[in-house]
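Peer 1: Can you read through this structure? Questions will come right after.
The values are calculated or read from the model by the stated rules, or taken from the named source; none is laboratory data. Worth saying up front: this structure is predicted, and the values here are computed from it rather than measured. Cβ sites come from the backbone with ideal geometry, for glycine too, and all protein chains shown count toward neighbours.
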Amino acid sequence: MTEYIALIPILLFSVVVHELAHGWVANRLGDPTAKAMGRLTLNPFPHIDLVGSIIVPLFSLLVAGRVFIAWAKPVPVNPMNFAHGRRDDVLVSVAGPFSNLLLAFGCTVACIIVVLFSRATNGAESLAGEALRFLLTMFYGGISLNIVLAVFNLIPVPPLDGSHVLASVLPDDLADQYSRIGFLGIFVVLLLMRIPAFSAFFSTVVGGVAVPFRAMISIFL
């Protein structure tokens with residue numbers, strides 16, 4: 001239970017950064033919608049979704065002893081403001097998963113620093129030692145968590161980010177019909193995750209992406 005409690009801060013931070021990345025790239029590409037609505041901030045409150053950021057994670061933790069999924073409010077984006085519609089929409093979409101990979105790298109570096117500091121202080125005792133163990137648990141778990149978030153969001157099913165990438169190569173009419181699946185696509189994804197072959201493939205991809213991060217830890221520690 002303590003392990004999953006330690007993951008809650010990094011989980012909330014990660015979903016906030018994910019949405020912030022979408023809005024920041026959109027703003028750079030000519031769409032100020034997110035900026036105008038105060039969403040280009042690390043302040044979690046404008047991003048928090050009552051259900052996805054609080055109720056679902058806490059319910060999962062209390063009932064199952066672990067957090068399965070969480071999300072923040074999607075950042076509003078108006079593709080009509082883009083100079084290069086489809087290309088810019090793809091760039092905005094992949095910004096979220098890319099930010100999670102950057103966070104995974106940051107968590108890797110943080111793990112190395114925490115372990116080296118702990119060794120330098122002979123593991124520290126009492127409260128300081130507990131704080132270091134909490135940080136190590138949080139950052140180490142944050143590596144896998146952010147890799148999962150990145151890979152999960154690249155699944156090409158609406159409303160996930162990967163669907164925008166797939167829609168960009170579809171004919172306009174088909175892309176429009178495809179995007180109308182909207183939030184109902186979440187149920188499709190949940191169904192896919194229950195299919196052993198797809199679940200195994202997903203885990204294999206996550207494991208493959210994790211290799212360089214684990215290798216970095218092995219090299220320095």
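Peer 1: So, in region 157-191, exactly how many residues are loosely packed, with under 10 Cβ neighbours inside 10 Å and aromatic (Phe, Trp, Tyr)?
Peer 2: Residues that pass the stated criteria total 1.
Peer 1: Taking interchain pairs and intrachain pairs at least six residues apart, which have beta carbon atoms under 7 angstrom, with the first residue in region 33-54 and touching a residue at least 24 places away in the same chain (Cβ under 8 Å) and within 10 Å of Gly23 (Cα to Cα) and the second assigned to a loop (DSSP other than H, G, I, E, B) and hydrophobic (A, V, I, L, M, F, W, C)?
Peer 2: Pairs found: Thr33/Val77; Ala34/Leu40; Ala34/Val75; Ala34/Val77; Arg39/Val75.
Let's see how each residue does on (1) in contact with a helix residue (DSSP H, G or I) (Cβ under 7 Å, 6 or more places away or on another chain); (2) part of a helix (DSSP H, G or I); (3) farther than 20 Å from Ala95 by Cβ:
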position: Ala128; (1), (2), (3): no, yes, yes
position: Leu136; (1), (2), (3): yes, yes, yes
position: Ala150; (1), (2), (3): yes, yes, no
position: Leu166; (1), (2), (3): no, yes, no
position: Leu184; (1), (2), (3): no, yes, yes
position: Leu192; (1), (2), (3): yes, yes, yes
position: Ser199; (1), (2), (3): yes, yes, yes
position: Thr204; (1), (2), (3): no, yes, yes
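Peer 1: Given the structure, is Val92 farther than 24 Å from Leu190 by Cβ, assigned to a helix (DSSP H, G or I) and modelled with pLDDT of 95 or more? Don't jump to the end; show me each part of the working.
Peer 2: Working: farther than 24 Å from Leu190 by Cβ: yes; assigned to a helix (DSSP H, G or I): yes; modelled with pLDDT of 95 or more: yes.
Taking the combined requirement at face value, the residue satisfies it.
Peer 1: Are any residues in region 192-213 surrounded by 11 or more Cβ atoms within 10 Å (Cβ to Cβ) and farther than 28 Å from Cys107 by Cα, and if so, which ones?
Peer 2: Leu192, Ile195
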